[in-house]
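The values are calculated or read from the model by the stated rules, or taken from the named source; none is laboratory data. Keep in mind the model is a prediction, meaning the values are calculated, not measured. Here the Cβ is made from the backbone with ideal geometry for all residues, glycine too, and neighbour counts use every protein chain on show.
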């Protein structure tokens, strides 16, 4: 039966203009199905099918792993790959690549000239089965000495006059065959010629594993970047380059990431308006930090590894900043030390009034008071968790009650992600909190009067009626303390994450003991929950948290809790948005004494709420 082309519904189906907006909403698999519907649909959806290309997804790894095998598809895969990119390369706008043959095919196809983003990934892990067999054979033969493997790889011809000189330098030969060494030499040039032929790039990510193929002159990096006038995002992990030279080459750059850079002091007398985000996985001194803040006048987000421990602390902060306050919004210092906390809190934060987010291993009182006093719109602290446990043997113990300065001052506070930090109940009782819109709270409430399990058993027994009144008073006092905590938490009606604990055991014993049996001899000393923490039972006041209707994550690892089936039944009903629980997950630590009890509760919760996942708390919130 033929279609009536005058029918409006038929005309809509045939409209090519609808293919792009529809195709952008479809998965790659669905786009592939669309191109098979008809000739019209094929022509309409081909551009969206090939608009994004990632050789680590879909069927690509399987195809590429054997593309050089003459016994696979009669050895035609390599030719098919080259034909594919020659035919459809001009549709590609976003390319993510880690296979050498894709770099070769994309460049040699001479049609991929409309890229908007280019990402290079781990070339070091992308070897075909044939290549791996060749490497293993060379290693087994053992004829190459260490010195021979460290010799520079072979070179071929230069494909561009731009590469003549000391631009490209081959890396060590390693275990590569001579054919692979020569192929890598040309792939390196193809990659940079591909970059040159795509001046419309707005995003470029150069993974450090490219050094598996080549070493190159930093001067050429500046030259190559200068032909990308639209570039706004650059992630350069290749080598150390000077930041000011990068900004000169890319005047529109908004985000720059690098593992190492230099050129800070050259900023004096210069201002750069466009850069908004700077992420450097390296340490700086205080003067370099201030040069960055002064010269990058549009900077909003700054990520640094931290400060060099041996460097001096500048005291003339205002002078070095030109007596002008920075508009910085977020500051990440994942290796911050207490040596620098006082300097940052007292001398630098007064010049960062717009700061709303701060990240470091722990909050120091000097920094906290500086944030509360000078950053009135402060919203989030993110702890860069560097320890695998809160156990005292790890030597990581932030000052207690530092959250108080923020919670009683910062009206806009949304996130306190610092599960190593403690709030003492006595301190809580004497201070009011104003951050009623808090959405995430990860910390420990301690200092609660709790009875031992044996003492609780006595009170619950018949003999408990005649027991010493001291036990009853201690229990009553502890329950009153917990109700104070519940009442305070119940006011956070926007809370999505409430994490009251973390891994608490001395897991390093697993590495130092010689056997699970030896580990079990030590485990009783280190495996008990943290004393003085929340009971989390209905009788202790858990029901007061029924106001947390938006709660999605609830954690209680290490908490000396009394959660049972009644509490789980309550959570299943009163926390309808709950997605994750941290505290009942499976545990592979030998001799985990609560394993059976946790398993029973976990299975019961899975029956009540199969949609809730059980997992451990995140070990790191690092943003670098």
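Could you tell me whether the range 181-191 includes any residue that is in the same structural domain as residue 118 (by TED's automatic domain parsing) and within 25 Å of residue 255 (Cβ to Cβ)?
Checked the range 181-191: at least one residue is in the same structural domain as residue 118 (by TED's automatic domain parsing) and within 25 Å of residue 255 (Cβ to Cβ).
Would you be able to say whether some residue in the range 158-178 is within 26 Å of residue 80 (Cα to Cα) and in a helix (DSSP H, G or I)?
Checked against the condition, which is being within 26 Å of residue 80 (Cα to Cα) and in a helix (DSSP H, G or I), the range 158-178 yields at least one hit.
From the list 367, 348, pick out the single residue that is touching a strand residue (DSSP E or B) at 6+ places or on another chain (Cβ under 8 Å), assigned to a helix (DSSP H, G or I) and either assigned by TED's automatic domain parsing to the domain that holds residue 530 or at negative phi (or both).
Going through 367, 348 in turn, the sole match is 367.
The conditions are (1) more than 42 Å from the chain's Cα centre (by Cα); (2) modelled with pLDDT of 95 or more, and residue 438 fails exactly one of them. Which is it?
Condition not satisfied by residue 438: (1).
Against the definition (under 23 Å from residue 559 (Cβ atoms) and part of a loop (DSSP other than H, G, I, E, B)), how does residue 450 come out, yes or no?
In short, yes.
Restricting to the range 216-240, give me the number of residues that are under 28 Å from residue 149 (Cα atoms) and within 28 Å of the chain's Cα centre (by Cα).
6
Only one of these conditions is not met by residue 104: (1) under 20 Å from residue 184 (Cα atoms); (2) not in a helix (DSSP H, G or I). Which number is it?
With (1) under 20 Å from residue 184 (Cα atoms); (2) not in a helix (DSSP H, G or I) applied to residue 104, the lone miss is (2).
Take residue 382 and decide whether it is touching a strand residue (DSSP E or B) at 6+ places or on another chain (Cβ under 6 Å) and either buried (at least 19 other Cβ atoms within 10 Å of the Cβ) or not in a loop (DSSP other than H, G, I, E, B) (or both).
Criteria met by residue 382.
Do you know which residues across the range 310-333 are assigned to a loop (DSSP other than H, G, I, E, B) and in contact with a strand residue (DSSP E or B) (Cβ under 7 Å, 6 or more places away or on another chain)?
328, 329, 333
If residue 493 satisfies all but one of (1) within 32 Å of the chain's Cα centre (by Cα); (2) surrounded by fewer than 18 Cβ atoms within 10 Å (Cβ to Cβ); (3) part of a helix (DSSP H, G or I); (4) at pLDDT 70 or above, what's the number of the condition it fails?
(3)
Out of the range 333-377, which residues are under 22 Å from residue 271 (Cα atoms) and crowded, with 21+ Cβ neighbours inside 10 Å?
348, 349, 352, 355
Residues of the range 86-100 being surrounded by 22 or more Cβ atoms within 10 Å (Cβ to Cβ), in a helix (DSSP H, G or I) and without any contact (Cβ under 8 Å) to a residue 60 or more places away in the chain, which ones?
Correct list: 89 only.
Looking only at residues in the range 139-156 that are free of Cβ contacts under 8 Å to residues at least 24 places away in the same chain and part of a loop (DSSP other than H, G, I, E, B), which one is farthest from the chain's Cα centre (by Cα)?
Only one residue tops the list, namely 143.
(1) out of contact with any strand residue (DSSP E or B) (no Cβ under 6 Å at 6 or more places or on another chain); (2) over 30 Å from residue 535 (Cα atoms): which one isn't true of residue 407, the others all being true?
Tallying (1) out of contact with any strand residue (DSSP E or B) (no Cβ under 6 Å at 6 or more places or on another chain); (2) over 30 Å from residue 535 (Cα atoms), residue 407 fails exactly one: (2).
Before we move on, is residue 413 outside any strand (DSSP E or B), closer than 25 Å to residue 581 by Cα and in the same structural domain as residue 556 (by TED's automatic domain parsing)?
yes
Given the conditions (1) part of a loop (DSSP other than H, G, I, E, B); (2) out of contact with any helix residue (DSSP H, G or I) (no Cβ under 9 Å at 6 or more places or on another chain); (3) under 21 Å from residue 557 (Cβ atoms), which single one is not true for residue 436?
Unmet condition: (3).
Output the number of residues of the range 43-85 satisfying the condition of being surrounded by 14 or more Cβ atoms within 10 Å (Cβ to Cβ) and assigned to a loop (DSSP other than H, G, I, E, B).
Of the residues in the range 43-85, 9 are surrounded by 14 or more Cβ atoms within 10 Å (Cβ to Cβ) and assigned to a loop (DSSP other than H, G, I, E, B).
Counting only residues that are within 26 Å of the chain's Cα centre (by Cα) and either part of a helix (DSSP H, G or I) or not assigned by TED's automatic domain parsing to the domain that holds residue 174 (or both), which one in the range 115-138 is modelled with the lowest pLDDT?
124
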